[in-house]
Amino acid sequence: MDKWTEIKTAYQVARLGTVSAAADMLNVHRATVIRHIDTLEAELGARVFLRNKTGYTPTEVGDDLLRVAHATEEQFAQLAGRTRSRSAQITGDLIVTAHERIAPLLLPALQRFQDENKGTVIQFVASPALLKLEYGEAHVAIRSGPKPDQPDNVVQPYLDLKLGLYAQATYAARHGIPQSQDDYCNHRFVCWEQNKTPFPFTGWLRKNVPETSKVLISANQGVADQALLAGMGIGFYPEIYAQKRTDLVEVLAPQPDWAVPLWLVTHTDLHRSTKVQAVLKFVKNDRLSL
């Protein structure tokens, strides 16, 4: 029987004793209360209440029905309480996806998040692939380049990753540093290049560095970074990481049009969840100290 609304109405009438009081409690018209009781009695084929001048008194059938209604309401209240308690606790898997180059920026914030929420397990998917947030493949994504425009996503600015041109100290000791663009042909460059890569700094490399000077080209940015740090050649590297190293020599300072915008991306269905809001708070707060 699909008459839970009518049962709840009858329960309030029995508890309060009058139609008017039940109507006020339920915020409906008293005619609605009477209709619900009539519908319920027609469904049961028996009287639920005896009507009298002082109000409504449950019959034997009514008492039986109202015991069920009372127990059901109590169980629902307990369920709601457990749900609120559970939602206040942050537990389970948290899936974060970002390019591997971004991981060092995020890990301190994720560590602090997990220190306060020890029931969580962080799955970090280090990949340039666009995981489908709408299918739950990730809770939080850090994406780079032009502002993402996928529907149903919440997109917030994270930071602009400033890039400069650097050489490892051993490379600089062996080959020196280029003094002008005309000198690029006498040097070795390690490059991260992909087809249709939308980043200005890769376009700068294609435009200004002779192909004969490119000694390593990789579609994997991590490989290009490791080649730079191994002294194979000159390459682009985030300024925020270079400042923490003593083995890198600046060839060209970061240029405004070389910066890569980074975006915090979440799906609308999960954006307001306790877990996602909590980790976003840590990531955003940490951004201020970068």
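The values are calculated or read from the model by the stated rules, or taken from the named source; none is laboratory data. No experiment lies behind these values; they were computed from the predicted model shown. For neighbour counting, all protein chains shown are included, and Cβ atoms are generated from backbone atoms with ideal geometry for every residue, glycine included. Heads up: the accessible areas ignore ligands, DNA and RNA and are worked out on the full protein's heavy atoms, side chains in. Shrake-Rupley method; radii C 1.70, N 1.55, O 1.52, S 1.80 Å.
Exactly one condition in (1) closer than 17 Å to ASP64 by Cβ; (2) in contact (Cβ under 8 Å) with a residue 24 or more places away in the chain is not met by GLY45; state its number.
Looking at each condition in turn, GLY45 falls short on (2).
Go over the candidates ILE142, ILE95, ILE102, ILE90 one by one and state the one that is out of contact with any Pro (no Cβ under 7 Å at 6 or more places or on another chain), over 20 Å from VAL215 (Cβ atoms), open to solvent by less than 40 Å² (accessible area, probe 1.4 Å) and part of a loop (DSSP other than H, G, I, E, B). Don't jump to the end; show me each part of the working.
On the way: ILE142 fails: part of a loop (DSSP other than H, G, I, E, B); ILE95 fails: part of a loop (DSSP other than H, G, I, E, B); ILE102 fails: part of a loop (DSSP other than H, G, I, E, B).
Answer to the selection: ILE90.
At pLDDT below 95 and surrounded by 17 or more Cβ atoms within 10 Å (Cβ to Cβ), is that true of ALA109?
yes
Without any contact (Cβ under 8 Å) to a residue 60 or more places away in the chain, of a type outside the set (Asp, Glu) and touching a strand residue (DSSP E or B) at 6+ places or on another chain (Cβ under 6 Å): does that describe ALA227?
yes
Take the conditions modelled with pLDDT under 85 and open to solvent by less than 50 Å² (accessible area, probe 1.4 Å) and apply them to LEU40. Does it pass? If you could, list the steps in order and put the result at the bottom.
On the way: modelled with pLDDT under 85: no; open to solvent by less than 50 Å² (accessible area, probe 1.4 Å): yes.
Answer is no for this residue.
Among the numbered criteria (1) over 32 Å from the mean Cα position of the chain (by Cα); (2) assigned by the TED database to the domain that holds ASP93, which one does HIS271 miss?
(1)
If I ask for residues that are assigned to a helix (DSSP H, G or I) and surrounded by fewer than 16 Cβ atoms within 10 Å (Cβ to Cβ), which ones from segment 9-31 would you list?
We begin by selecting, within segment 9-31, every residue assigned to a helix (DSSP H, G or I); these are 9-16, 19-26, 30-31.
Matches in segment 9-31: ARG15, SER20, ASP24, MET25, ARG30, ALA31.
Within segment 114-125, track down each residue that is surrounded by 14 or more Cβ atoms within 10 Å (Cβ to Cβ) and either out of contact with any Leu (no Cβ under 8 Å at 6 or more places or on another chain) or small (Gly, Ala, Ser) (or both).
GLN114, ASN117
Can you pull out every residue in segment 154-213 that is loosely packed, with under 11 Cβ neighbours inside 10 Å and part of a loop (DSSP other than H, G, I, E, B)?
Result: GLN179, SER180, ASN195, LYS196.
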